[in-house]
Amino acid sequence: MSAVAVVDVSKVYPGHSARDEPVRALDGIAFRVENAEFCSILGHSGCGKTTLLTIMAGLEQPTSGEILVDGKPVGKPSWQRTVIFQDYALFPWMTVAENVAFGLEMKKIAAPERHDIVARNIQMVGLSGFENRYPHQLSGGMKQRVSIARALAVDPEVLLMDEPFGALDAQNRSRMQEELGRLLAQEDLRSKTMVLVTHSIEESILLSDRIIVLTRRPGRVKANIEVELPRPRDETEGGFVALKHKIRELIHDEFEIEA
Amino acid sequence: MTATDKASVQHRPLDLPMSGMSASRVRAASLPARAFNKLKNLGFLLALLLLWQAISVWMLDNTTRTLLPPPSAVLRAAWELISTGELFRHLRDSLKREIVAFLWAMTSIPLGIAMGWWKVVNDQVDPVIEMLRPVPPLAWIPLSILWFGIGDTQNQFIIFLGIFFPILLNTIAGVAGVEPNLIRAARCLGANDWEVLWRVVLRAALPQIVTGIRIGLGVGWMALVAAELVGANSGLGFLINDARTVLRTDYVIVGMATIGLVGLTIDWLIRALVRKVLPWSRALSK
């Protein structure tokens, strides 16, 4: 239940050595994600979109500007803004159930309640029966399900996703997109604010209420698009295709600028 | 499991769990075959032993045979040393030294974690380590004898040096090499600094720490024998050196074989322990 405001965020990395020019990754990024909105940050690789997400999580500090959640500046990382990583970042020494329980333990939630929440979330992502498997015994798609369950178990206000399906093959990716769409439409998850970083135009249209298109190097907001297509969305439907073309044009421009 | 899982199930790694059935079938069917395979691999070793026996018995004269007793004589000597309890006594002393030194060397684990985690600690301690590390443990023996005299303390000190550095270096590397996203994930799930260090960094570094322990115990075991050769009144190193002075080469060889076998057993035990305690660590359990 939170609105996120990105206020004039810039990020400059110092060069690797003294001779190198500092790298301006993000330049004056500003947009708002309303409460319970699903927002995609869309851009080419290298446009700083992942950096933006880690700043939103509090894992990195912006060079200037700030992130406000419900008007309060983001401090240290906390369970109120969990991240789903592209490489899953599951703890390999923990079973599926232990991974999902980790955040709950950090929240000091008592064991009986913890078990309930873990079981509920594992069931929600369709992994019942796999509780005692270790991550290396799971496929990529299953690992990402665990990572989703782990992030949702702590009941965050904002869910941040960094190309969550980027490491999956095409078939699995579209399946997981579809499923995530279904999952997030559930009653108790609809109130959460979500931010998804992706380079896939289809993925962003499929899932988002709002799409922020970033330019590349330095990343600036190129377009802030509200998607008003009915859900569940169909990739072959006219509005979807039209929007896809529109965004592709925007991004295509970007290539020419780069060249 | 939902229907959508079917695609991902096919991507499951081959070792588990779908192939579990076939794996157990292979194991069940081939127990005698496996034993035979193992024995087959020992063929060359057996041939060498036979050759040794033949050379020693038929080609060497009585004087030179003293220098290379045949395997049969070595076995006889082994039985002598075992039945009198002498071998066991030396083995016990050596193992005790190795264990005591190992317990002391465990201090390298917290030190390594601190060095891998806090840059300040690493900056300060690293120059000291870099100065001491290249000196082989054996080079310390003369000084060690002067400091501690002949006996347990001297030996333990040398073994300690052999074990300490491999564990330390592997612990530092293990802690420094923890996947950054694991730490980030833990922070986003609400872990504080202490919880990140204890629940994530330490666990993630454990396989490499164990590798350090394996290497360390191996180096320590070698250092032990050397330390006992020159500065001890008991132990396997003392046994073989003592036997040399009275020209009991059969005892020497028994001692050497024991040292080798024990070294192998220690390594095997650690690997078995790792399989048991760190089942998720595939790299080590192979």
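When the range A:82-98 is examined, which residues are found to be more than 7 Å from chain B (Cβ to nearest Cβ), outside any loop (DSSP other than H, G, I, E, B) and touching a helix residue (DSSP H, G or I) at 6+ places or on another chain (Cβ under 8 Å)? Full working, then the answer.
To start, the set of residues in the range A:82-98 that are more than 7 Å from chain B (Cβ to nearest Cβ) comprises A:84, A:86, A:88, A:90, A:94-98.
Cutting the leftovers down to outside any loop (DSSP other than H, G, I, E, B) gives us A:84, A:96-98.
Across the range A:82-98, the qualifying residues are A:84, A:96, A:97.
Please go through the range A:158-172 and pick out each residue that is surrounded by 20 or more Cβ atoms within 10 Å (Cβ to Cβ) and under 15 Å from the mean Cα position of the chain (by Cα). Let's see the steps before the verdict.
Taking the range A:158-172 as the starting set, the residues that turn out to be surrounded by 20 or more Cβ atoms within 10 Å (Cβ to Cβ) are A:158-165, A:168, A:172.
Hits for the range A:158-172 are A:158, A:159, A:160, A:161, A:162, A:163, A:164, A:165.
In the range A:64-81, which residue that is of a type in the set (A, V, I, L, M, F, W, C) and within 22 Å of residue A:31 (Cβ to Cβ) is farthest from the other protein chains (Cβ to nearest Cβ)? Give the steps one after another, and end with the answer.
Within the range A:64-81, the first condition is being of a type in the set (A, V, I, L, M, F, W, C), and the residues that meet it are A:67-69, A:74, A:79.
Cutting the leftovers down to within 22 Å of residue A:31 (Cβ to Cβ) gives us A:67-69, A:74.
Numbers: A:67: 14, A:68: 18, A:69: 14, A:74: 12 Å.
Ranking the qualifying residues of the range A:64-81, first place goes to A:68.
Identify all residues within the range A:121-138 that are surrounded by fewer than 19 Cβ atoms within 10 Å (Cβ to Cβ), at pLDDT 85 or above and within 22 Å of the chain's Cα centre (by Cα); write none if there are none.
A:123
Can you list the helices (runs of 4 or more DSSP H) found entirely within the range A:99-192 that contain at least 3 residues being farther than 23 Å from residue A:50 by Cβ, of a type outside the set (A, V, I, L, M, F, W, C) and within 11 Å of chain B (Cβ to nearest Cβ)? Walk me through how you get there before you give the answer.
Details: elements: A:111-124, A:140-153, A:170-184.
Helices (runs of 4 or more DSSP H) meeting the threshold: A:170-184.
Condition test on residue A:207, is it more than 14 Å from every other protein chain (Cβ to nearest Cβ) and at pLDDT 80 or above? It would help to see each step written out before you state the result.
Details: more than 14 Å from every other protein chain (Cβ to nearest Cβ): yes; at pLDDT 80 or above: yes.
In short, yes.
Among residues belonging to the range B:178-190 that are part of a loop (DSSP other than H, G, I, E, B) and at the interface with chain A (Cβ under 9 Å from one of its Cβ atoms), point out the one that is farthest from residue B:281 (Cα to Cα). Write out each step before concluding.
Narrowing the range B:178-190 to residues part of a loop (DSSP other than H, G, I, E, B): B:178-179, B:189-190.
Within this subset, residues satisfying the condition of being at the interface with chain A (Cβ under 9 Å from one of its Cβ atoms) are B:179, B:189-190.
Working: B:179: 14, B:189: 23, B:190: 25 Å.
Only one residue fits best here, namely B:190.
Any residue that is in the same structural domain as residue B:106 (by TED's automatic domain parsing), modelled with pLDDT under 90 and in contact with a Leu (Cβ under 7 Å, 6 or more places away or on another chain) - is there at least one of those in the range B:272-282?
Within the range B:272-282 (the criterion being in the same structural domain as residue B:106 (by TED's automatic domain parsing), modelled with pLDDT under 90 and in contact with a Leu (Cβ under 7 Å, 6 or more places away or on another chain)), the answer is yes, since at least one residue qualifies.
Here is a list of conditions, (1) within 14 Å of chain A (Cβ to nearest Cβ); (2) surrounded by fewer than 14 Cβ atoms within 10 Å (Cβ to Cβ), and residue B:206 meets all of them except one; can you say which number that is?
(2)
Of the residues A:119, A:36, only one is aliphatic (A, V, I, L, M) and at positive phi; which? Can you show your working first?
Details: A:119 fails: at positive phi.
Step by step, each of A:119, A:36 is checked, and only A:36 is aliphatic (A, V, I, L, M) and at positive phi.
Okay, residues lined up against (1) more than 21 Å from residue B:150 (Cα to Cα); (2) assigned by TED's automatic domain parsing to the domain that holds residue B:97; (3) surrounded by fewer than 18 Cβ atoms within 10 Å (Cβ to Cβ):
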| residue | (1), (2), (3) |
| --- | --- |
| B:211 | yes, yes, no |
| B:217 | yes, yes, no |
| B:224 | no, yes, no |
| B:233 | no, yes, yes |
| B:239 | no, yes, no |
| B:257 | yes, yes, yes |
| B:265 | yes, yes, yes |
| B:268 | yes, yes, yes |
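I'm told residue A:15 meets every condition in (1) closer than 21 Å to residue A:154 by Cβ; (2) more than 14 Å from chain B (Cβ to nearest Cβ); (3) exposed (fewer than 14 other Cβ atoms within 10 Å of the Cβ) except one. Can you identify the failing condition by its number?
(1)
Restricting to the range B:191-233, what's the tally of residues that are closer than 20 Å to residue B:163 by Cβ and either among the charged types (D, E, K, R) or in a loop (DSSP other than H, G, I, E, B) (or both)?
The qualifying residues number 3.
For the range B:32-128, which helices (runs of 4 or more DSSP H) that fit wholly inside it have 1 or more residues that are small (Gly, Ala, Ser) and either surrounded by 11 or more Cβ atoms within 10 Å (Cβ to Cβ) or at pLDDT 90 or above (or both)?
Values: elements: B:43-54, B:62-67, B:71-83, B:86-105, B:108-117.
By residue number, B:43-54, B:71-83, B:86-105, B:108-117.
The values are calculated or read from the model by the stated rules, or taken from the named source; none is laboratory data. Predicted, not measured: the structure shown is a model, and the values here were computed from it. Every residue, glycine as well, gets a Cβ built from its backbone with ideal geometry; the counts of neighbours run over all protein chains shown.
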